[in-house]
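Contents: one structure, followed by commentary.
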Amino acid sequence: MFKGFTRFLQRPGERLKSLFGSQDGPAVSHGLQIIPRDQHPVSRRQFSEAALKVLYRLHNAGFEAYLVGGCIRDSLLGQTPKDFDVATDATPEQLRDLFRNSRIIGRRFRIVHVRFGREVIEVTTFRGRPNDDHGTHLSQQSEDGLLLRDNVWGDVEEDALRRDFTVNALYYNIADFSIHDWANGIRDIESRTLRLIGDPETRYREDPVRMLRAIRFAAKLDFAIAESTEAPIRELAPLLLQIPPARLFDEVLKLMLAGQALATFRLLREYGLFAMLFPEADESIAELPWAEALIERALANTDARIQEGRPVTPAFLFAALLWPGVTQRMARLAEDGMPPIPALQAASQQAVSRQLQHISIPKRFSLPMRDIWDLQQRLPKRRGKRAFQTREHPRFRAAYDFLLLREEAGELEPGLGAWWTAFQDADEHEQRRLLGKVDADPAGTPGPRKRKPRKRRRRASSPSENDG
């Protein structure tokens, strides 16, 4: 059958069909399919040394140990796995005793992180099915079905069927290097289908973030979402409002910083999820003709930078996502007579405050984001020393890139961005020429403010002058 990874990648669909038969039949099997080592392309050479250390120590201590989820899925797709998750029958306390370099995290789901330098291997205990016999310290659900706590331990089969998608219910057994497929995950990989395990509405109510994960995997893997999996999403999208803003911040980073931000954004809007994450941005897209173009260009640039291995910052993304709403607020404040700089500051504060009700933005990102916005008012002011002072600002480069996006999206007339492009690369003589061009163009930048004439104080009358 599979004689090697290279041969498998040449015709993965044909190979998998020969192994598992036709695609007809139930979407999720209730039986276990074990694929021996000589019949699959996944090799230990694809795994990190730290992941293998965890697996072997668990195995040698008498515990079951599997690599599970995305790393196996990606290996079967011919992609290089990046994150390595381990599932075992060892409890968190047993794991803590076995690995001195570990710590137990989480309360809703107790997980053990085993650290090797900068690499962290996430280890979870097999989860069982919560029921009424378990106390609230182990399992608890809200009236809407949201899992508030889920620390019921089970066996590997229960754990597999508690996973979210069939393609993530694939277990690599370190004991004999076989792959255990509990839910026809390999068949769905072959057909490039993303399918939830179990009843989709129930699974989304248990954890609404699964709707975001469905979008993320569909965009990342270029998979089609199964009809039954996508059917409830639009109706259940408001359930995301139950999720803590801090958790949604982490999920948004996963959505936007995986190299498929533009495709992800379009899917989020298609299924009504974007409005739950960025309500003001969603409203602005319907009202401002340039808003969607600005956001899409920012996301496309982010994807390009990630593909090129260049750094990206969430501050720039959040600046683009929230900017349309800021401009609308600023315009309303200006109509009420507020000057431009205070209007921008007030609009920024209002927009961020509303956004924090949905997604928390740490100050390490929100402060640079606001610097990018503030510089949009400084970039047009180039007379005298102002251009040099603006260029030396730590956020100048990000603000300049943001200005170019605004011009490309149609919010601003082109011209200012080209001036700054030329000014950055010019020598001293050319810079003087460019500054002189600004001075000669009365529309190019606001002129210096005229000082109001000072009122002369009336000298107070002396006592002798009042005596008369």
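Key figures
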| item | result |
| --- | --- |
| In region 345-386, the trypsin sites (Lys or Arg not before Pro) that fall in loop regions by DSSP, at most 13 other Cβ within 10 Å | 385 |
| Estimated vicinal HN-Hα couplings, Hz - region 164-179 in sequence order (Karplus 6.51, -1.76, 1.60; Gly, Pro = x) | 7, 10, 4, 6, 9, 9, 10, 10, 9, 8, 5, 5, 9, 6, 8, 10 |
| Simple spin-label estimate for residue 49 and residue 338 in nanometres, 7 Å along Cα-Cβ | 5.7 |
| Listed peptides 237-247, 192-202 by packing density, highest first (mean Cβ within 10 Å) | 192-202, 237-247 |
| Under-5 Å amide H pairs with residue 170, H placed in peptide plane, nonlocal only | 69 |
| Under-5 Å amide H pairs with residue 127, H placed in peptide plane, nonlocal only | 154, 159 |
| Near-label residues of region 302-319 by backbone N, under 19 Å of a point 7 Å along Cα→Cβ of residue 269 | 302-304, 317-319 |
| Label-point separation in nm, residue 378 to residue 100, each point 7 Å along Cα→Cβ | 5.1 |
| Net charge, residue 277 excluded, C-beta distance under 11 Å - Lys, Arg +1, Asp, Glu -1 | -2 |
| Whole-Hz ³J(HN,Hα) from phi, Karplus 6.51 cos²θ - 1.76 cosθ + 1.60, for region 292-298, glycine and proline x | 5, 5, 4, 5, 5, 5, 5 |
| DSSP-assigned coil residues among GluC sites (Glu not before Pro) in region 148-195, each with at most 16 further Cβ atoms within 10 Å | none |
| Overall Cα dimensions of region 249-323 - principal axes, largest extent first, Å | 35, 23, 19 |
| For region 321-451, accessible area per residue (1.4 Å probe, heavy atoms of protein chains only), Å² | 57 |
| J(HN,Hα) series, region 312-324, from Karplus relation 6.51 cos²θ - 1.76 cosθ + 1.60, nearest Hz, glycine and proline x | 10, 10, x, 4, 5, 5, 5, 4, 5, 5, 9, 4, x |
| Residue-span extension gain [residue 246 to residue 346] - 0.36 nm each, minus C-alpha spacing | 33.6 nm |
| Extent along principal axes [Cα atoms of region 31-191; Å; largest to smallest] | 45, 38, 27 |
| Per-selection Rg to Rh, region 174-234 - Cα, Kirkwood hydrodynamic radius | 1.03 |
| 5 Å binning of all Cα-Cα separations within region 278-438, expressed as whole percents from 0 upward | 1, 9, 17, 20, 21, 15, 10, 5, 2, 0, 0 |
| 12 Å reach of a label modelled at residue 235, 7 Å along Cα-to-Cβ, counting backbone N of region 173-211 | 200-202 |
| Greater than 23 Å apart at Cα, pairs in 254/363; 53/220; 82/363 | 53/220; 82/363 |
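The values are calculated or read from the model by the stated rules, or taken from the named source; none is laboratory data. Since the structure is predicted, the reported quantities are computational estimates derived from the model, not experimental observations. Please note: Cβ atoms are built from the backbone with ideal geometry, for glycine as well, and neighbour counts cover all protein chains shown. Just so you know, the surface numbers come from the protein's heavy atoms only, side chains and all, with ligands and any DNA or RNA stripped out. Shrake-Rupley method; radii C 1.70, N 1.55, O 1.52, S 1.80 Å.
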